[in-house]
Amino acid sequence: MENQTSVTLVNEKLSFDRFREEVLSDYKIACISRETSLVARKEVLTGKAKFGIFGDGKELAQVAMAKFFQTGDFRSGYYRDQTFMFAIGLATVEQFFSQLFADPDINNDPFSAGRQMNSHFATPFVDENGEWLDLANRKNISADIAPTAGQMPRALGLALASKSFRSVEVLKQFSDLSDNGNEVCFVTVGDASTSEGHFWETVNAAAVLQVPMAIFVWDDGYGISVPKKYQTAKSSISEALMGMQKKEGTNGIHIYAVKGWDYAGMCEKFEEGIRITRETHVPVLFHVEEMTQPQGHSTSGSHERYKPAERLDWEREWDGIKKMREWILENMLASDDELSDLEQYSKEFVRESRAKAWEKYLGPIRKQVAQAVELINNLAKSLPEQASQLVKLSSELVSNHEPLRRDVLKTLNAALDLAGDHDAAYWTRDYYNDLSKENKILYNSYLYNEGPKSALKVEEVRAEFAEDAPTLNGFEVLNRYFDEAFARNPKLLAFGEDVGLIGDVNQGFSGLQLKYGEGRISDTGIRELTIMGQGIGLAMRGLRPLAEIQYLDYLLYGLEPLSDDAATLHYRTFGQQSCPVIVRTRGHRLEGIWHSGSPMGMVINSLRGMYVCVPRNMVQAIGMYNTLLRSNDPAIMIECLNGYRLKEKLPENLLEFTVPLGIPEVIRHGTDITIVSYGSTLRIAQNAADMLDAFDISCEIIDVQTLLPFDIHHKTLDSLKKTNRIIFIDEDVPGGAAAFMFNKVLEEQGGYRHLDVAPRTITAKAHRAAYGSDGDYFSKPNAEEIEAVIKEMMKE
Ligand SMILES: Cc1ncc(C[n+]2csc(CCOP(=O)(O)OP(=O)(O)O)c2C)c(N)n1
Ligand SMILES: [Mg+2]
């Protein structure tokens, strides 16, 4: 009996010791993080970094949250989460400073190689060959972005993937990507950012879909200078969301309100909520109230300008770290001296980490400076007339204590200008070229996959047709293809408005939900923004989503996550994350202002980093789908709305043939003029060409097939060399994609050298297309207009 009591006492003592240790470790991380914020702000104010935004005031919630973030989990958050990153061991203070200094060495800033502002974190999801890593065995940080609430749509897909892995039988085999869907997506968002539609649309979709998502609202009462009363109904996001509270027999979310200074309270509630969402996939939201911002919003302003004195006093009084310190002392978990030691240690640790990061950042630049100075001084010896100016340049560079890479290049360039064509400048020029190349790799690489998963490396395989190949409606050809593709590739998922039960408004997926299940082919709410986010997040987790926008005109609702998130992902992570979502949509022609748009200029200008496919028919579209599914970059496929009922022959090798990207096809041979176009407009160009035949004018028509990339082997130029006349036609506004093609061929391909007459563009009118057949005729390019312009060109 006595023995048992002493064992219990020893166990209690052990668990108390462990508890105490954990609390003190959390306190230490909080102190280190706070000190990091304080020092980093000074770095910006003294000019060593350009901008800083920090997590001071959010420390306690994040050490608490980190306790429940398990291997396999994902975070989709924003720029206040440095403490969390330190606590889960995925960022060091030194790496934090490297990113602050914009160090372009991926070994120093492993999140973005200096491409992102500080506190924009990421972990690798793919290896250098573009193969997915074993995300189920890692802690995963989807790369942060700056647009407020921009992390929300993607979070939906990251969370939904867990549900797919748990519920879709054919996905169970991918145990390296998921442990039976046990992964929770942790989402952090600022209180003011909950005013964004992104937030509401995501929370609603998560509540409908029931996905494992844990949302943490960091509520510090302000969005920069604008207080909550102007942001949120009832000044409380948890109050405002109450109608979404899950009840017995309904879907919905669980809502918790906690205080940002209450370490113990947050640990308890986070444990409960995250356990529930992990097990049941019911989303949870933690409204973390009464947080502070000790240094204001960012280094770009001071909060004394807009916060009343009482608020500033309150923030000092309710500082989380101060409160945690009081709590530790009250509960006798440590002495005042012990805590002071930890605080002192934190200061030194941060100072040392900062110094190491600065040395690593500056070291390589100093070497460049030394090399440049040596070369310029040698040059001065060979060029006595320019010597004094050259020596002045090199000594200016030497005396620059914080030189940038650009200072080295500017100085070398100035020296080369002075040297002119002189042979003595050979090595200086050589070094200048080497550095230019190096900086190109550091700053201009990885917009797209460049390795084995590049779409541009997919071999062309031609479509094959049996002698008795059936001729079907375009939509039926697609339907056969999707059927085979879903049978072959378990990772394929398709979703969108009306995609599930009826198989999309043009029946591409007709009958396929029944065959492959709701887990793979599904209807969504009317929510283009989060349909895109759903696709992005699923793709990041290694799945292959086809995310549908019902009509191209409605892409505007979903454009932000594509432009800010999908298109920048590979670039902003230095190739460490990819999201090969395929956005499927249809456009160019139907009826009226919102169903006939062809805003291709908008698409190609906002989506650099994605591929833009504009197939003229469904067989070409299928070849492009096949190419895209063999590679890793995101893409948008714009099928021709008026092509679903046109007859096409069904290829035999539906899953094997590929249409290479960036390779135009000559679809009509001619000698007098080159017509460059794509998609539905090609049929109008063909009508015009038929009419011009009667006047002995022979048109060559080029289908560019993809706008991004555009004609990578300059095939259009070959045609222009033969015809010496060129016209670019599409249904976009004037100055849109037709102007883009014009620029590509005439400037980039050097087409201007082969012109006999002025080149032209024919586009739609600047206004949207009016309704009805006449509305279309007088708003969009028509065959008669094309005929007239080309006749005029032939006379010139
Ligand atoms: C779409 C968008 N609009 C505006 C901004 C500029 N901006 C950056 S942070 C911010 C305030 C965000 O406040 P909150 O969500 O409460 O987060 P906090 O910074 O207070 O943690 C604003 C307006 C932005 N980054 N993105
Ligand atoms: Mg705020």
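Bear in mind that the values in this text are calculations on the coordinates, not laboratory data. A quick note: this is a predicted structure, and the numbers were derived from the prediction, not measured. Virtual Cβ from ideal backbone geometry, glycine too; neighbours counted across all protein chains shown.
For the residues Lys28, Lys765, what sequence is obtained by ranking on other C-beta atoms within 10 Å, fewest first?
Details: Lys28 19, Lys765 13.
By the 10 Å Cβ count, ascending: Lys765, Lys28.
For the chain, DSSP calls about 20 percent of its internal beta bridges antiparallel.
About its Cα centre, the chain has a charge dipole of approximately 480 debye under the convention of +1 per Lys or Arg Cβ and -1 per Asp or Glu Cβ, with nothing else charged.
By the rule of a C-alpha distance below 17 Å, with chain neighbours fewer than 8 residues away ignored, the lysines paired with Lys229 are Lys307.
The alpha-carbon of Lys795 sits under 30 angstrom from the alpha-carbons of these lysines, leaving out residues fewer than 8 places away in its chain: Lys715, Lys721, Lys722, Lys744, Lys765, Lys780. Solvent-free Debye calculation, one equal scatterer per alpha-carbon of the range 22-160: log10 I(q)/I(0) at 0.20 Å⁻¹ equals -1.29. The equivalent ellipsoid that matches the C-alpha gyration tensor of the range 258-378 spans semi-axes of 41, 22, 20 angstrom, in descending order.
For the pair the range 1-56 / the range 263-337, the C-alpha centres are spaced 14 Å from each other. Centre-to-centre, using Cα atoms only, the range 440-463 and the range 697-774 are separated by 25 Å. Across the options Phe509, Leu493, Ala466, the greatest Cα extent toward the positive end of the charge dipole of the range 456-530 (unit charges at beta carbon of Lys, Arg, Asp, Glu) belongs to Leu493.
Loop only by DSSP, 13 or fewer other Cβ within 10 Å of the Cβ. Give me the trypsin sites (Lys or Arg not before Pro) in the range 383-468 that pass, ordered by residue number.
Values: sites: Lys392, Arg405, Arg406, Lys410, Arg429, Lys437, Lys440, Lys453, Lys457, Arg462; in loops: Lys453, Arg462.
Sparse-neighbourhood loop trypsin sites (Lys or Arg not before Pro): Arg462.
Looking at the range 583-646, the DSSP beta bridges with both ends there are about 0 percent antiparallel.
About its Cα centre, how strong a charge dipole does the range 384-510 have in debye, to the nearest 20, once Lys and Arg get +1 and Asp and Glu get -1 at the Cβ? Please report the intermediate quantities before stating the final value.
On the way: 13 positive and 22 negative charges, 110 e Å.
Dipole magnitude for the range 384-510 comes out near 520 debye.
Based on the alpha-carbon gyration tensor of the range 639-796 and its eigenvalue square roots a ≥ b ≥ c, which shape applies: rounded if a/c is under 1.5, prolate if not and a/b is larger than b/c, or oblate? Rounded, because the longest to shortest axis ratio a/c is under 1.5. Computed over the range 138-292, the convex hull of the alpha-carbon atoms projects to a mean area of 9.6 nm². Cβ crowding within 10 Å, taken as a proxy for footprinting-reagent exposure, orders Val211, Val187, Val350 from fewest neighbours to most as Val350, Val211, Val187.
Considering only Cα-Cα distances, which of the following residue pairs are longer than 29 Å: Lys58/Lys172; Lys163/Lys322; Lys139/Lys356; Lys269/Lys356; Lys139/Lys259; Lys50/Lys269? Pairs exceeding 29 Å: Lys58/Lys172; Lys163/Lys322; Lys269/Lys356; Lys50/Lys269. Only beta bridges with both residues in the range 659-787 are counted; by DSSP, about 20 percent of them are antiparallel.
Using a 10 Å cut-off around each Cβ, can you sort His422, His767 from fewest to most neighbouring Cβ atoms? Kindly include the intermediate steps, with their values, before the conclusion.
Values: His422 14, His767 9.
Ascending number of Cβ neighbours within 10 Å: His767, His422.
With the charge dipole of the chain set up from +1 on Lys and Arg Cβ and -1 on Asp and Glu Cβ about the Cα centre, the Cα lying farthest toward the positive end among the listed residues Leu379, Ala64, Thr123 is that of Leu379. In the chain, a dipole from Cβ-located charges (positive for Lys and Arg, negative for Asp and Glu) runs towards its positive end, and of Trp427, Leu312, Gly181 it is Trp427 whose Cα lies farthest in that direction. Mean silhouette area of the range 268-309, derived from the convex hull of its C-alpha atoms and averaged over all directions, reads 4.8 nm². Our helix-only sum for the chain, with -39,500 (n - 2.57) per DSSP H run of n ≥ 4 divided by its residues, gives a mean residue ellipticity at 222 nm of -14000 deg cm²/dmol. Centre-to-centre separation between the Cα atoms of the range 569-592 and those of the range 350-364: 38 Å. Convex hull of alpha carbon positions in the chain: directionally averaged projected area 43.5 nm².
Here the range 118-247 is treated with +1 on each Lys and Arg Cβ and -1 on each Asp and Glu Cβ, and its dipole about the Cα centre works out to around 620 debye.
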